[in-house]
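The values are calculated or read from the model by the stated rules, or taken from the named source; none is laboratory data. Just so it is clear, the model here is predicted, and its values are computed rather than measured. With ideal geometry, Cβ positions are generated from the backbone for all residues, glycine too; neighbour counts draw on all protein chains shown.
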Amino acid sequence: MSIVALVLLACGSKDEGGGGGGGDDSNPPVIDDSAEPVDADDDGVTEAEDCDDDNPWVHPGAKEECNEIDDDCDNETDEGVLVTSYGDEDADGYGDDAAEEQGCWVPVGNATVGGDCDDHNDDVHPDADEVCDDLDNDCDGGVDNGRCEGFDVSSDERVDGVELAWMGRAFGSCSPEPSSQWWGPVDYTHDDCVDGDDLAVLSAAWSCTVTAPVCQP
């Protein structure tokens, strides 16, 4: 065999063996992306969706509790579970709307019902009876609401000693039908009795004329 033939044979063997570092590009390396999703707190929701994967009570679909935590991962805290209450200075069970608070519980001294238009007077609140005292007792925006009708028993356009005399004569009288009694006009609180409550109402209207607010029907 000639020298030239030997050289060609050697070169061919080198190319067939993949010499020169060329390698085989037809089989690229395989990347393993089958790793299990992480659920550190074992609440059934992976860390990709769980806003706190260290707390099993926090995940999408969890019940929202009043605890200053976003339990259900909706980017809101304590929604729908806060309690509204109102400062109640006079402890009559109705609070001042201007003193509204929200929290997980009702603070001591607060009321769960608002609407008190005078939170320093426990005789004034939305459930109070309206009486003739120049106050909006029931917080409906009206003062006395007709409760002053009939105060001027003597029809002299004044509430004075004459009316007080009527009160003195009738004091302590009660009847199932007070309107039929002579003392009916001085049952100012409409409780079928003439007593200290009526005297208090009369005192509020003492010596006013019917042109004053407290005496207007």
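Residue-wise test of (1) of a type in the set (A, V, I, L, M, F, W, C); (2) more than 25 Å from N121 (Cα to Cα); (3) in contact with a Gly (Cβ under 8 Å, 6 or more places away or on another chain).
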| site | (1), (2), (3) |
| --- | --- |
| L135 | yes, no, no |
| D138 | no, no, no |
| E149 | no, no, no |
| D152 | no, yes, no |
| S173 | no, yes, no |
| E177 | no, yes, no |
| Q181 | no, yes, no |
| P185 | no, yes, yes |
| G196 | no, no, no |
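Before we move on, is G146 small (G, A, S), surrounded by fewer than 16 Cβ atoms within 10 Å (Cβ to Cβ) and modelled with pLDDT of 85 or more? In short, no.
Of the residues that make up segment 190-200, is at least one among the β-branched types (V, I, T) and modelled with pLDDT of 90 or more? Full working, then the answer.
Taking segment 190-200 and keeping what is among the β-branched types (V, I, T), we get 194.
Right, trim to modelled with pLDDT of 90 or more and you get 194.
Yes: segment 190-200 contains one or more residues that are among the β-branched types (V, I, T) and modelled with pLDDT of 90 or more.
Please indicate, with yes or no, whether at least one residue in segment 107-115 is at pLDDT below 90 and in a loop (DSSP other than H, G, I, E, B).
Taking segment 107-115 as the starting set, the residues that turn out to be at pLDDT below 90 are none.
No, because not a single residue in segment 107-115 is at pLDDT below 90 and in a loop (DSSP other than H, G, I, E, B).
Which members of segment 77-102 meet the condition of being of a type outside the set (A, V, I, L, M) and at positive phi? Don't jump to the end; show me each part of the working.
Step one: filter segment 77-102 for residues of a type outside the set (A, V, I, L, M), giving 77-80, 84-90, 92-97, 100-102.
The answer is D78, G80, G93.
In segment 91-106, of all residues being in a loop (DSSP other than H, G, I, E, B) and either surrounded by fewer than 18 Cβ atoms within 10 Å (Cβ to Cβ) or among the aliphatic types (A, V, I, L, M) (or both), the one that is farthest from the chain's Cα centre (by Cα) corresponds to A91. Is it true that A204 is out of contact with any Cys (no Cβ under 8 Å at 6 or more places or on another chain), under 28 Å from G95 (Cα atoms) and of a type outside the set (S, T, Y)? It is false that A204 is out of contact with any Cys (no Cβ under 8 Å at 6 or more places or on another chain), under 28 Å from G95 (Cα atoms) and of a type outside the set (S, T, Y). Listed conditions (1) over 30 Å from V159 (Cα atoms); (2) more than 29 Å from the chain's Cα centre (by Cα); (3) buried (at least 17 other Cβ atoms within 10 Å of the Cβ) are all met by V131, apart from (1).
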